[in-house]
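S.K.: I am attaching a structure below and will ask some questions about it afterwards.
No value in this document is a laboratory result; all are computed from the given coordinates. In this text the structure is predicted, and so the values were computed from the model without any measurement.
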Ligand code: TYD
């Protein structure tokens, strides 16, 4: 049974950027650790139809880093010469577009994005990952050779069932490749903003090894990825002769205490301290006459702003390159979201990195801002001015 280790208070839907006249609702955001499976999950799941629907706003092609990331994994999968690849959660086709339409199909419950990849020529099933979707795929295409999912398996509350459905659709010699933010990185970076409604779970390898085994999979390779604040890419297989030991990685997680509730409780104490430090820093800079804005209207920043009580009195606006987010307000805290060229005016002296996971890309892009003395503020791994 899950033991709660952190409570981030009442939170709105993290990606629920809203129009000024719109209403929103709040839920209790808390995470827990299950000592039996080692799985870290939300204490209360938000219904997936509320999170993933025709109005889903997050666009995977939004950064150069992610475009390159998907190009590289697509090239690596193509080298295996699969007959058919299935992507679960294809978003705007940032991965799919590297395949011939006859060689890749997708499942995407957000209708707006399912239409995009359909128009690109890819057979896209606009449904959630469930038994009837898998039945349909098996009926229309037979088994597939590769199942790929990026930042999607962690969205599925019933993860055991989700893995067993992958097993059903994957050919016996096929490979299951998926990547999601990892617990060890969250703990090391104090990035509590990885905990939000869409992340039903934050995976450790300790948990995945157990859960995948229940579905008949063995992990044969793990790649550590810098994206999304630190992720693991898992390669799993049903063929026992291909099993490669991941004992070293499991030992690393045990040494970091990922199999003990105390580690998570200690993390929660550091998070509470991070809140105090961030709020103090922002108010101090504000009192000194600094003009501060947010950079990147991310789901992660929704958690930070609501947990820390950061609103328009501290941040004049939040910039974001996604056209669909511009003109909207941040969930819960109602800070106006604008295009970077509108928000990053010459009188802005400091930016809070809502998209801290793209810090390198952003700092490189905003050289002129840094050159005139502009400050980049982050809370990861500790609160500071870069
Ligand atoms: P991401 O960390 O992927 O968001 P989330 O927490 O929701 O997973 O950040 C992507 C968002 O940041 C996206 O809305 C685009 C925005 N962004 C900018 O506005 N400017 C930038 O230079 C970068 C890299 C991202």
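S.K.: Based only on Cα atoms, what mean projected area does the convex hull of the stretch 74-162 have, in nm²?
M.R.: So the mean shadow area of the Cα hull is 5.5 nm².
S.K.: Compute for the stretch 223-294: radius of gyration divided by Kirkwood radius, i.e. Rg/Rh, restricted to C-alpha atoms, rounded to two decimals.
M.R.: 1.22
S.K.: Right, here's the next one. So how tilted is helix 64-78 from the main axis of the chain? Cα-based, degrees 0 to 90, rounded to 10.
M.R.: Taking Cα atoms only, the helix is inclined about 10 degrees.
S.K.: A follow-up question, please. May I ask you to derive the relative contact order of the chain, considering only C-alpha pairs under 8 Å and at least 6 residues apart, and to give it as an integer percent?
M.R.: 16 percent
S.K.: Give me the distance between the Cα centres of the stretch 131-168 and the stretch 56-121, rounded to whole Å.
M.R.: Distance between centres, Cα-based: 15 Å.
S.K.: Here's another thing I want to ask about it. Taking every Cα atom in the stretch 223-366, find the radius of gyration and the maximum pairwise distance Dmax, and write them in Å.
M.R.: 19.6, 65
S.K.: In addition: Could you give the distance between the Cα centres of the stretch 325-386 and the stretch 202-243, to the whole Å?
M.R.: 34 Å
S.K.: Where is the GNM fluctuation largest for the chain (alpha-carbon springs, 10 angstrom cutoff): 69, 141, 44?
M.R.: Between 69, 141, 44, it is 141 that shows the largest mean-square fluctuation.
S.K.: Then there's this: Over the stretch 1-98, what is the relative contact order in whole percent, taking alpha-carbon pairs under 8 Å and six or more residues apart?
M.R.: Result for the stretch 1-98 is 22 percent.
S.K.: Treating the stretch 152-269 as a set of equal point scatterers at the Cα positions, no solvent, please give the Debye-formula log₁₀ I(q)/I(0) at q = 0.16, 0.21 Å⁻¹.
M.R.: -0.76, -1.26
S.K.: Relative contact order for the stretch 219-278: what percent, with Cα pairs under 8 Å and sequence separation of 6 or more?
M.R.: 25 percent
S.K.: Another question, then. Evaluate the Kirkwood expression for the hydrodynamic radius of the stretch 12-108, namely the inverse of the mean inverse distance over all pairs of different C-alpha atoms, and round to one decimal in Å.
M.R.: Radius from the Kirkwood sum: 16.6 Å.
S.K.: Just to check, using Stokes-Einstein with a Kirkwood Rh over alpha carbon pairs, what's the diffusion coefficient of the stretch 288-359 at 20 °C and 1.002 mPa s in µm²/s?
M.R.: 180 µm²/s
S.K.: Restricting things to alpha carbons, find the Rg to Rh ratio for the chain using the Kirkwood radius for Rh.
M.R.: Taking Rg over the Kirkwood Rh, I get 0.96.
S.K.: Hey, in the GNM for the chain with a 10 angstrom Cα cutoff, which one of 107, 146, 222 fluctuates hardest?
M.R.: Sorting by GNM fluctuation, first place goes to 222.
S.K.: Only Cα pairs within less than 10 Å get springs; with that Gaussian network setup on the chain, which residue of 182, 164, 245 has the largest fluctuation?
M.R.: Result for the chain, Cα springs under 10 Å: 245 fluctuates most.
S.K.: Taking every DSSP beta bridge with both residues inside the chain, roughly what % is antiparallel (nearest 5)?
M.R.: Antiparallel bridges: around 50 percent, rounded to the nearest 5.
S.K.: What is the helix-to-structure angle for 159-169, meaning the angle in degrees between its Cα long axis and the longest Cα principal axis of the chain, kept from 0 to 90 and rounded to the nearest 10?
M.R.: 40 degrees
S.K.: Turning to a different aspect of this structure: Using only Cα atoms and rounding to the nearest 10 degrees, what angle (0 to 90) does helix 299-308 make with the longest principal axis of the chain?
M.R.: The angle comes out at about 40 degrees.
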